[in-house]
Amino acid sequence: MAFHRSPTLVLIAAYLGLFVGLIDSNAVNLALPAIQHDLGGDVSAAQWTVDAYNVTFAAVLLTAGSLGDRFGRRRLLRIGLGAFVASSLVCALAPSLGTLLAARAVQGVGAALMLPQGLAVAAAAFPDAAGRARATAAWAVAAASSAALGPIVGGFLTDSVGWRYIFWVNAPVGLVALAMSLRYLPESRNPVAGRVDPFGQALLMLTLGTLTVVLVEGRTVGVGPSAVLAALVAASGIALVRHQRRVPHAMLPPDFLGNRRLLIALAAIFAMTFGTYGMLLVNSLAFQQQRGVDALATAVAFLPMPLTYLALIPVANVLARRSGPRLPMTAGLVLMGAGMLLYALVGPEAELWLLEMAFVLAGAGLALNTGPAVSAAMNTVSVSRAGVTSGLVNLARLVGITVGVAVMGTVLALAGARAAVLTGGVVELLGAVVVFGYTGRGRSQETAPKEEVCHA
């Protein structure tokens, strides 16, 4: 059946759930001290409040894309929305920290089911090049604006009506998104989609989950248990790689694991999100607990970083087109590292203008690295494999967030905010060294993608 619905309404229906999920993810960081106050717990509790969401999000993401291709993207989008809304209600009502963390994990699964479907179903609804470009641009705007709005929303709700309302507001917006998905989104699927790999999915979740436990709880459980868990991480990771080399429909295609330029681009994305979200966690706790300001004031102080990021994205894209990705990616990671080193040097109780300078530097670096790094990754494979590559890009982003929050939060607990942010700065600069070895623009093996099945 021909598809004649309003393009604007189609895009809103496709991305509204994603936008709410990303707002929620950024907003929760500002509520961490209030959550600690109400439900108890130390820095580890704050880390798990963030990472319970990110671990399941990252672990399910690759399989979610395959499920959508096989069983229908609109169907998986709606299932993800339903899971996200239901678990948000549990978060809002959570009587204990354990209940909150369990619901956050389910939220991560719901978000993982939504993320790949929104862009895919919108792209299928607009088969022409101009329509797909519009769909991609709208996706980028939704993702980027959530970085600026999320902390403000979180700070405002926490200070005015309480942290639980960060989760309450997800319900009505999610229900609107569900209704719009029925009315305005076409169903689409890939007629030649590969099979789902449940064993590989289990190994991936075991590896990421155990790694996070080691990084967050290693300082409290002792050397012996930490060593056992680290060995389990290594064993499950090796088993995952070997399994992916044997199965016919791998989540992580074996030839991707040997693609040096793809791996360098993914390393840049990992380093970028490691520092960005680790710094957001540390700054939220340090500002509210050391400077004594409220959640909204903390969000406003942090605002120069996302605003600088949004303002410089077009500049980064022009620079990447003219010089290739190597220069902006390297410069971006260096600027992010410089901003974090400045923050570590002056400390969270310094004059606010010094910290704002650190946020501006980090935001400029984030802008220079984000687009070129994603483009560098996507240009190393053929168009027909763009979906898998996009999943790997998002996986690298989420693993960076998970590990960054775990590592920088642990350093915060052991040595303070300066040492934590210094750790992030060192990771950014190491990422810059790795990226500097990136040569050329990356090959683009353009082949015609397989035709999608799209139903009104």
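The table that follows gives values for the structure above.
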{"read-out": "Order by protection proxy (mean Cβ within 10 Å, highest first), peptides 150-161, 392-403", "value": "392-403, 150-161"}
{"read-out": "Debye, to nearest 20: dipole size of the chain, +1 on Lys, Arg Cβ, -1 on Asp, Glu Cβ", "value": "1460"}
{"read-out": "Furthest towards positive pole of dipole, 267, 343, 358, structure part the stretch 259-456, Cβ charges", "value": "267"}
{"read-out": "Net +/- balance of residues flanking residue 301 in space, Cβ distance below 15 Å, scoring K and R +1, D and E -1", "value": "-4"}
{"read-out": "About the Cα centre, charge dipole magnitude for the stretch 259-456 (Lys/Arg +1, Asp/Glu -1 at Cβ), debye", "value": "740"}
{"read-out": "Computed label-point distance, nm, for sites residue 255 and residue 168 using a 7 Å Cα→Cβ extension", "value": "5.4"}
{"read-out": "At least 24 Å along the helix axis (C-alpha) and Kyte average at least 1.6, DSSP helices within the chain", "value": "386-415, 417-436"}
{"read-out": "Three semi-axes of the equivalent ellipsoid, the stretch 186-281, Cα gyration tensor, whole Å, largest first", "value": "29, 19, 15"}
{"read-out": "Förster-model FRET efficiency, 22 Å R0, residue 71 and residue 99, C-beta, rounded to 0.05", "value": "0.10"}
{"read-out": "Modelled label reach - residue 426, point 7 Å along Cα→Cβ, the stretch 257-296 residues with backbone N closer than 17 Å", "value": "271-272, 274-276, 278-279"}
{"read-out": "Ellipsoid equivalent to the stretch 132-185 - semi-axes via the Cα gyration tensor, in Å", "value": "26, 18, 5"}
{"read-out": "Which labelled figure in (i) 19.8; (ii) 49.5; (iii) 70.0 is mean projected area of the Cα convex hull in nm², once derived from the coordinates", "value": "(i)"}
{"read-out": "Distance-filtered residues of the stretch 268-304 - backbone nitrogen under 14 Å, label point 7 angstrom along residue 143 Cα→Cβ", "value": "269-270, 272-273"}
{"read-out": "Translational diffusion coefficient (Stokes-Einstein; Kirkwood radius from C-alpha pairs) of the stretch 295-369 at 37 °C, 0.692 mPa s, in µm²/s", "value": "262"}
{"read-out": "Cα-based convex hull volume of the stretch 1-190 per residue, rounded to whole Å³", "value": "102"}
{"read-out": "Convex hull volume per residue for the stretch 198-246, taking Cα atoms only, in Å³", "value": "50"}
{"read-out": "The chain, relative contact order in percent, only Cα pairs under 8 angstrom and at least six apart counted", "value": "23"}
{"read-out": "Charge sum, other residues only, whose C-beta stays under 15 Å from residue 157's C-beta, Lys/Arg counted +1 and Asp/Glu -1", "value": "-3"}
{"read-out": "Packing-based order for 175-182, 408-415, 219-226, using average beta carbon neighbours within 10 Å, highest first", "value": "408-415, 175-182, 219-226"}
{"read-out": "Projected area averaged over orientations for the stretch 296-430, convex hull of C-alpha atoms, nm²", "value": "8.8"}
{"read-out": "Top positive-direction residue, dipole computed over the stretch 35-136 with Cβ charges, set 54, 135, 93", "value": "135"}
{"read-out": "Under 13 Å, Cβ to Cβ, from residue 404 - net charge with Lys/Arg +1 and Asp/Glu -1", "value": "-1"}
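Read-outs: derived from the displayed coordinates by stated rules, not from any lab. Model, not experiment: these values are computed from the prediction. FYI the Cβ positions are ideal-geometry reconstructions off the backbone, even for glycines, and counts take in every protein chain you see.
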